[in-house]
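Down below is the structure, laid out as structure tokens.
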Amino acid sequence: MNDMTRPIGRAMPRAAARRHAAGRGRFVDDIAPAGCLHVAFLRSPHAHARILSIDLTAALDLPGVVDAFDGPACAELCKPWIGTLDHFPGLRSPEQHALAVGVARWSGEPVAAVVATSRAIAEDALDLIEAEFEELPAVTDIEAALDPEGVRIHENYDSNLAFRLDLNAGEPDAAFAGAAAIVERSFRFNRQTGVTLEPRSLLADFQPGTGELTVHHSTQTPYQMHDVYSRHFGIPEERVRVVAPDVGGSFGLKLHVYGEEMATVAASIRLGCPVKFIADRYESFLTDIHLRDHRVRARMAVAADGEILAMEVDDATGIGPFSVYPRTSAVEGNQAIRLMGAPYRMQSYKGTLSVLFQNKAPTCQYRAVGHPIACMATEALVDAAAGALGLDPLDIRRRNVVPDDAYPYRTANGYMLEGLSHQACLEKLAALMDYDALRRDQAEARARGVHRGIGLAVFVEITNPGPAFYGVGGARISAQDGCTVKLEPSGAFSIAISITEQGQGTEAIAAQIAADRLGVSPERISVVSGDTRTTPYGGATWASRGAGIGGVAVMKAAEAMRANLLDLAGTILQASPEALDIREGVIVDAETGTERMSLAELGRILYFRPDTLPPGTHPLLTVSGHHVPQGYPFAFTNGIQASHVEVDPDTGLVKLLGHWVVEDCGTIINPLLVDEQIRGGVVHGIGGALFEECNYSPEGQLLSTTLADYLVPLASEMPDIRIAHVATPTKTSPLGAKGVGEAGTAASGAALLNAVNDALSPFGAVLAETPLSPERVLRALGKV
Amino acid sequence: MTLDARTDMPVSLTVNGRRTAGIVPVRQTLAGYLREELGLTAVHLGCEQGSCGACTVRVDGEVMRACLVLAVQAEGCVVETPEGFSGDPAMDRLRERFATRNALQCGFCTGGMLVAARDLLAREPRPSRHAIREAISGHVCRCTGYEAIVDAIEAASHGGTAP
Ligand code: FES
Ligand code: FES
């Protein structure tokens, strides 16, 4: 598999990159069918309010306005939904409508839609809607949401608790009682949002004649949305088609059900013509899912030799007024609380998770779901424990990671780990970053009054989820993926895949895997993805599952095709199929490599002269393969990251000097793409830890609604990122690939947090709230 | 489109070497006009607030954010969008390096990045990595983490023949 002449393992650019570089991307907003109308939404101006009346008359009178409707009218076409799943026992969330009915529960929640010949006219008409609201007291703060005496967001519930989980493993109480040291932190991880550069976009086109609905949708999960549209609008599955054209970033943001998108479909059904919704940046901030709003109290017990004995964690996380459909908003907290301490041998654990309703935008799964929270809390405590015991941060991790020869291993919280490589990664990182030299540099700099810090973060990452993730809870989200391979008469192949592309290179790696098995170069494989009518049904791309699950489906389909072609070639050449092979597009004698027949010649005979084949031969020239992960519920990956920073104690500014990652995603299909997934992921994590914050007023008004208020990482602030790999292929699949899309994000924030605290250690200052803004740094230093 | 004297004005531009003329609502941005009327959809809208750089174009040789300029303000100007720059060797090198270095993932920021990079190479044929990072710092990329973009621009600049 490491044969560099073979496509798997080769660093290859993507064909799609050339299209984008030439200015020929095709995103939803670039598609403009004749007669296309545009929708804009009236939104609740209050965080919590009763809707008293909505008068659309004046809006409807404006020239160019075609339709306007409110929540109850929308509900006549679109069934409401409930964001719960059975495998989160006790999880509750009320019915949610596309447009609010009766009560609006966050500032920005859509309450009415206007459809017009242009978006500008639709927006003009919004100003003409007469809407009356009765403002209700809002619950925004996590502590306030926990208060049993406080305001309740849902009248029928006895509290604002959506879900609670208690975990208890080993003997945590005894461990804490017998510890040589106990370290403790109270963390506040503030809300972020995704900021995909292409906003949420959708073009719905309902054909009144046939009752067919086609939706061009900027989504990761066309099959899931196909199912949602079919069920919630009562359109038979076979009359729905969802197409994801180029998707301008998703990262988990574009796989949830949003009211605006459902209302846009409703508008198209009402009018029988295409209707487009493109969120503007303001709407994106108000209504895209938010993420990672956690208040975590955590402590760790350690023995005198540095052994981590136990952790105790209390995580309260705010999810907005609803658990998001159809994946629920319990997954983030569930993973955060279970992943605490997961890289370490520690076997005692006590955890409490409270998932709370609040009057803010809904939060849900986003790149590295729960991982950054678990990683920041755990790794900050590991550094604190090292400090308490006088151990070096690298050393305490060496003493505690699960050894590379101890797998399979079961974590305190019950995750089964098939095969990880913490020790190898740790040593590789120490060499890659020259850890000892950096420590010497740090000491010298300190002597000069320059405050540099080094932060480490070990992580595990959940990838390749099986049906345990959603299917068992009742979600209609496929856990399997498929691929169809077609032989073209010229000896090329086209493949259709159910995993989807948002720029990570899904199509490129699928072509590489198929090419590897079919004995042709990847350029001879064309790939179709993202269209529910022309591709096999599948789960698509999320939770780092594309390569590890969809890639195996491609491999199986390509192997089946290969077997067919060798059989047919054997018939024509009167050779046994086992004696033949396909290399560089040619059927060869397997032993000698002598050319017997080109694939083009085989294709010509099979398609145009099948009369020359023996009677009864009906060649199967389009074949499929499917794969569902089995054996382990997930394939865990692992790695370690390091951050090097300089903190200015006068201004509170943090400057990133360097960042390193060593990770293990098993078999690497395309190193070029893997490394860029890691880099992009690292910067996402750094953004969350250093800059990004959805700032709300106490009344629940979002204050950060532009890219000038909500800061994302820019090129001048980011360092070059050095990456190295250890490869432990998973034995659960013949491909051996695990996921990699989220590894960067899982631990970069934790490494950064530790680096900043390391830099500030001479001052005795400790930060435990993100983002690490200059103001927070100065506050930790007691300067403001 | 017919002219409504209260809201519309005629506009004529040279876009990617071709002369165009039309009537636009005064409030329409240049980005909107390029996208909707001329079909130049590589001009992307990531914020419409002037802060993401996805809509960057060149107007009379100056780099501008097409979401901040009204179409009528560009009257008589020469406009280049990411689809343009044909026959420009420096842009050809940039496109090639962006593709081979995988300096884009979703591609939504790419047009703006390329126009900004082309402008940098016109000013500074051999920019340092630091200068490259500064030059693209008004451009948000949510996918790449920027390093591959910096690499690609650096590699494209090494041709050294950018005017
Ligand atoms: S769309 Fe113009 S700068 Fe963002
Ligand atoms: S490649 Fe997606 S935003 Fe830059």
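The values are calculated or read from the model by the stated rules, or taken from the named source; none is laboratory data. This structure is a prediction, so every number in the text was calculated from the model and none was measured. Ideal geometry is used to build each Cβ from the backbone, glycine not excepted, and the neighbour counts take in all protein chains shown. The accessibility values were calculated without ligands, DNA or RNA, using every heavy atom of the protein model including side chains. Shrake-Rupley method; radii C 1.70, N 1.55, O 1.52, S 1.80 Å.
With the convex hull constructed from alpha-carbon coordinates only, the range A:504-620 shows a mean projected area of 8.4 nm² over all directions. Note on the range A:636-755: along the principal axes its Cα atoms extend 53, 33, 22 Å, ordered by decreasing extent. Counting Cα-Cα pairs of chain B in 5 Å increments starting at 0 gives whole-percent bin shares of 2, 10, 19, 21, 18, 13, 8, 5, 2, 1, 0.
Over the Cα atoms of the range A:300-373, each weighted equally, I'd like the Debye log10 I(q)/I(0) at q = 0.12, 0.13 Å⁻¹, rounded to two decimals. These q points yield log10 I(q)/I(0) values of -0.39, -0.45.
Sparsely packed loop sites in the range A:439-541 (the trypsin sites (Lys or Arg not before Pro) outside DSSP H, G, I, E and B with at most 16 other Cβ atoms within 10 Å) comprise A:448, A:476, A:533. The alpha carbon convex hull volume per residue for the range A:211-296 rounds to 116 Å³. Sorting the segments A:113-124, A:644-655, A:362-373 by their residues' average number of neighbouring beta-carbon atoms within 10 angstrom, most packed first, yields A:362-373, A:113-124, A:644-655. Please state, as a whole number in µm²/s, the translational diffusion coefficient that the Stokes-Einstein equation yields for the range A:643-689 at 4 °C and 1.567 mPa s, with Rh defined as the Kirkwood radius across alpha carbon pairs. Approximately 103 µm²/s, per Stokes-Einstein. In summary, the helical segments of chain A meeting the span-like criteria, namely a full DSSP H run, a Cα extent along the axis of 30 angstrom or more and a mean Kyte-Doolittle hydropathy of at least -0.5, are A:551-573.
Using the Cβ of residue A:137 as centre and a radius below 13 Å, the other residues enclosed give a net charge of -4, where K and R count +1 and D and E count -1. Given q = 0.11 Å⁻¹, what are the Debye log10 I(q)/I(0) values for the range A:455-535, with equal point scatterers placed on the Cα positions and solvent ignored? Here the Debye-derived log intensity ratios amount to -0.42. The residues of chain A have, on average, 33 Å² of accessible surface per residue, using a 1.4 Å probe with all protein chains present. Of the residues A:719, A:598, A:425, the one whose Cα sits farthest toward the positive end of the charge dipole of the protein assembly as shown, with +1 on the Cβ of Lys and Arg and -1 on the Cβ of Asp and Glu, is A:598. In the range A:138-218, inverting the average of 1/r over every pair of distinct C-alpha atoms gives 19.3 Å as the Kirkwood radius. Extent along the principal axes, Cα only, for the range A:85-203: 71, 37, 29 Å, with the longest axis given first. When the listed pairs A:428/A:738; A:276/A:486; A:486/A:738; A:428/A:731; A:254/A:738; A:254/A:655 are checked against a 29 Å cut-off, the alpha-carbon distance exceeds it for A:276/A:486; A:254/A:655. Buried accessible surface for the A/B pair, both sides summed and rounded to the nearest 100, is 3800 Å² with a 1.4 Å probe.
Inter-chain neighbour count for B:43-55: the average number of beta-carbon atoms from partner chains within 10 Å of each residue's beta-carbon is 5.
Plugging the Kirkwood radius over Cα pairs into Stokes-Einstein for the range A:560-623, at a temperature of 25 °C and a viscosity of 0.890 mPa s, what D comes out in µm²/s? Calculated translational D: 209 µm²/s. In the range A:68-108, the C-alpha radius of gyration followed by the widest Cα-Cα span (Dmax) gives 12.4, 40 angstrom. Starting from the Kirkwood Rh over alpha-carbon pairs, what translational D in µm² s⁻¹ does the range A:472-514 have by Stokes-Einstein at 37 °C and 0.692 mPa s? So the translational diffusion coefficient is about 267 µm²/s. Relative to the current alpha-carbon distance between residue A:779 and residue A:6, full extension at 0.36 nm per residue lengthens the span by 272.7 nm.
A crude spin-label estimate for the pair residue B:123 and residue A:571, with each label 7 Å from Cα along the Cβ direction, gives 6.7 nm. Could you compute the net charge surrounding residue A:522? Neighbours are other residues with a C-beta less than 11 Å from the C-beta of residue A:522; K and R count +1, D and E count -1. Computed value for this residue: +1.
In terms of Cα atoms, the Rg and Dmax of chain A work out to 27.5, 89 Å. Shielding by partners for peptide A:499-509, expressed as the average number of C-beta atoms from other protein chains within 10 Å of each residue's C-beta, is 2. Each residue of the range A:165-179 was assigned a 3J(HN,Hα) from its phi angle through the Karplus expression (A = 6.51, B = -1.76, C = 1.60, θ = phi - 60°), giving 9, 10, 10, 8, 9, x, 10, x, 4, 4, 4, 5, 5, x, 6 Hz with x at Gly and Pro.
Can you tell me what percent of all Cα-Cα pairs in the range A:200-354 are more than 18 Å apart? Value for the range A:200-354: 66 percent of Cα pairs lie more than 18 Å apart.
The peptide list A:96-104, B:23-31, A:702-710, put in order of mean Cβ contacts within 10 Å with the highest first, becomes A:96-104, B:23-31, A:702-710. Farthest towards the positive end of the charge dipole of chain B, among the residues B:21, B:157, B:33, is the Cα of B:157, using unit charges on the Cβ of Lys, Arg, Asp and Glu. Relative contact order, whole percent, for chain B stands at 22, derived from Cα pairs under 8 Å and 6 or more residues apart. Full extension of the chain between residue A:398 and residue A:620 gives 74.4 nm of extra length, using 0.36 nm per residue less the Cα-Cα distance. Over the range A:1-89, the Kirkwood radius and the radius of gyration, each from Cα atoms, give a ratio Rg/Rh of 1.22.
Look at the stretch B:77-87: the mean tally of other chain Cβ atoms within 10 Å of its residues' Cβ atoms is 1. Got a number for carbon plus sulfur as a percent of the range B:68-109's accessible area, 1.4 Å probe? Heavy-atom surface of the range B:68-109 belonging to carbon and sulfur, 1.4 Å probe: 53 percent. The value given for the range A:363-517 is a Kirkwood hydrodynamic radius of 20.2 Å, derived from the mean inverse Cα-Cα separation. Per residue, the average separation of C-alpha pairs within less than 8 Å and at least 6 apart gives the range A:286-326 a relative contact order of 38 percent.
In chain A, helical runs assigned H by DSSP with n ≥ 4 each contribute -39500 (n - 2.57); averaged across all residues and rounded to the nearest 500, the mean residue ellipticity at 222 nm is -8500 deg cm²/dmol.
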